[in-house]
1. Here are some conditions: (1) open to solvent by 40 Å² or more (accessible area, probe 1.4 Å); (2) more than 16 Å from the ligand (Cβ to nearest atom); (3) among the aliphatic types (A, V, I, L, M). Ile165 meets all but one. Which one does it not meet?
2. Cβ contacts < 9 Å: first residue open to solvent by 50 Å² or more (accessible area, probe 1.4 Å), restricted to the range 235-254; second residue assigned to a helix (DSSP H, G or I) and within 16 Å of the ligand (Cβ to nearest atom), any location; separation 6+ or different chain. Result?
3. Could you list all residues from the range 129-166 that are among the polar types (S, T, N, Q) and in contact with a strand residue (DSSP E or B) (Cβ under 6 Å, 6 or more places away or on another chain)?
4. Could you please find all residues in the range 176-197 being part of a helix (DSSP H, G or I) and among the small types (Gly, Ala, Ser)?
5. If I filter the range 27-48 down to residues being of a type in the set (Gly, Ala, Ser), open to solvent by less than 80 Å² (accessible area, probe 1.4 Å) and closer than 11 Å to Ile294 by Cβ, which single residue comes out as nearest to the chain's Cα centre (by Cα)?
6. Is it the case that Thr24 is open to solvent by 30 Å² or more (accessible area, probe 1.4 Å), part of a loop (DSSP other than H, G, I, E, B) and hydroxyl-bearing (Ser, Thr, Tyr)?
7. Kindly indicate whether any position in the range 287-297 is within 16 Å of the ligand (Cβ to nearest atom), acidic (Asp, Glu) and surrounded by fewer than 19 Cβ atoms within 10 Å (Cβ to Cβ).
8. Please enumerate the residues belonging to the range 244-267 that are more than 16 Å from the chain's Cα centre (by Cα), assigned to a loop (DSSP other than H, G, I, E, B) and within 13 Å of Trp38 (Cβ to Cβ).
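The values are calculated or read from the model by the stated rules, or taken from the named source; none is laboratory data. Please read these numbers as outputs of a predicted model, since none were measured by experiment. For neighbour counting, all protein chains shown are included, and Cβ atoms are generated from backbone atoms with ideal geometry for every residue, glycine included. When the accessible area is computed, the model is the full protein with side chains, heavy atoms only, and any ligands, DNA or RNA have been set aside. Shrake-Rupley method; radii C 1.70, N 1.55, O 1.52, S 1.80 Å.
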Amino acid sequence: MHLLVCLSIVSLLAAGSSAGAVRTMRYTSRAADEAKAWQKDVRTRLQARLRIDDLLRERNRIALDPQRLSSVDQGSYTVEELEIRATPGRRIRVIVTLPATQKGPGPAVVCMGGHGSDWHSAYDANTVSKDAARAKADRIYGGFGTALAAKGYVTISTTVSQHEIRETGRLLMGERLWDLMRCVDYLESLPQVDKARIGCAGLSLGGEMAMWLGALDERVAATVSAGFLTKMDHMEQNHCLCWKFDGLRELVDFADIYALTAPRPLQCQNGLLEPPSQFYVPLARAAMEEVRAIYRDLARPENVVLDVHPEGHVIDLPGLLYFLDKHLQRGITVWLLNSCIVR
Ligand SMILES: [Zn+2]
């Protein structure tokens, strides 16, 4: 009897210590096939914790059912606003830009804004109408969606800045991510889009969502995650905790989530004017060192880049365009440009 009591106490203590464990699935350097097995395992665990595993299984049976709300000719591209079906019971609004002339399927980018943003934030006032306050708040994005549209990319954006859960039983981060996956579904349905050349880009919370989308949706061929790379211990302070959910810290840190993107191209951007309390460059450099390990193990060390730029919490637009052109555009001209331009 005493032995049983003692064993119970020991197991309780063990349970207590495991409940406090963090980053149990941390990536450490290993052989390529083991690295891929690690990615598959971590992806599966995260999908379950994000409560989107059922939607992923059902995805092909959930019709997109697009409904166009408006269409505006902007010369070299058209701007459409639509509603698409996110889940059987929920629809979302998206903005899509389509090039006016195109020889065949081309590249596309999912564009994401941060806290306080909406589905128009990645675009400047030449593309979408916005009031003065919104235009001022959106300056940090540098109109990167408009810049991509003008270069002939198909682009899509939806709102991910909400802090309320929209469907019972879901998770905030899971709903945000799922809506972005549905944006990829919609891009794949368009004849103008080359399915092998779909990228994603975002700043701040949008950079976080780019991390998640690149990590968990293997259809994403290139990711730009701006103003987000850091460590979870740091994000526990001075920041909205909407990034956190049950079971996340027990499994991974941000570097491990980014590691799920490998060997697909990944650019993180952090500005030198970010203060120590925010997305501080020395922390980003340390986290990036952890991300680099899996790119080396998968023999693509050149595919991961930390773009440290001289500004603050903003998109480095030239850096973003250079990286996405390099990995999503094709043709001798782009190859020559990429070979000749030194940044
Ligand atoms: Zn938040």
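1. (2)
2. Cys240/Leu205; Leu241/Met235; Lys244/Met173; Lys244/Met232; Lys244/Met235
3. Result: Thr155, Ser157, Thr158.
4. First, pick out the residues of the range 176-197 that are part of a helix (DSSP H, G or I): 176-189.
The answer is Ser189, and nothing else.
5. Restricting attention to the range 27-48, the residues satisfying the condition of being of a type in the set (Gly, Ala, Ser) are 29, 31-32, 35, 37, 48.
Remaining after also requiring open to solvent by less than 80 Å² (accessible area, probe 1.4 Å): 31-32, 35, 37, 48.
Right, trim to closer than 11 Å to Ile294 by Cβ and you get 32, 35.
Working: Ala32: 24, Ala35: 21 Å.
Selected residue: Ala35.
6. Numbers: open to solvent by 30 Å² or more (accessible area, probe 1.4 Å): yes; part of a loop (DSSP other than H, G, I, E, B): yes; hydroxyl-bearing (Ser, Thr, Tyr): yes.
Yes; evaluated as a whole, the condition is true for this residue.
7. Going through the range 287-297, the residues within 16 Å of the ligand (Cβ to nearest atom) turn out to be none.
Within the range 287-297, not a single residue is within 16 Å of the ligand (Cβ to nearest atom), acidic (Asp, Glu) and surrounded by fewer than 19 Cβ atoms within 10 Å (Cβ to Cβ).
8. To start, the set of residues in the range 244-267 that are more than 16 Å from the chain's Cα centre (by Cα) comprises 245-252.
Now narrow it down to the ones that are assigned to a loop (DSSP other than H, G, I, E, B): 245-247, 252.
Val252, the sole residue that qualifies.
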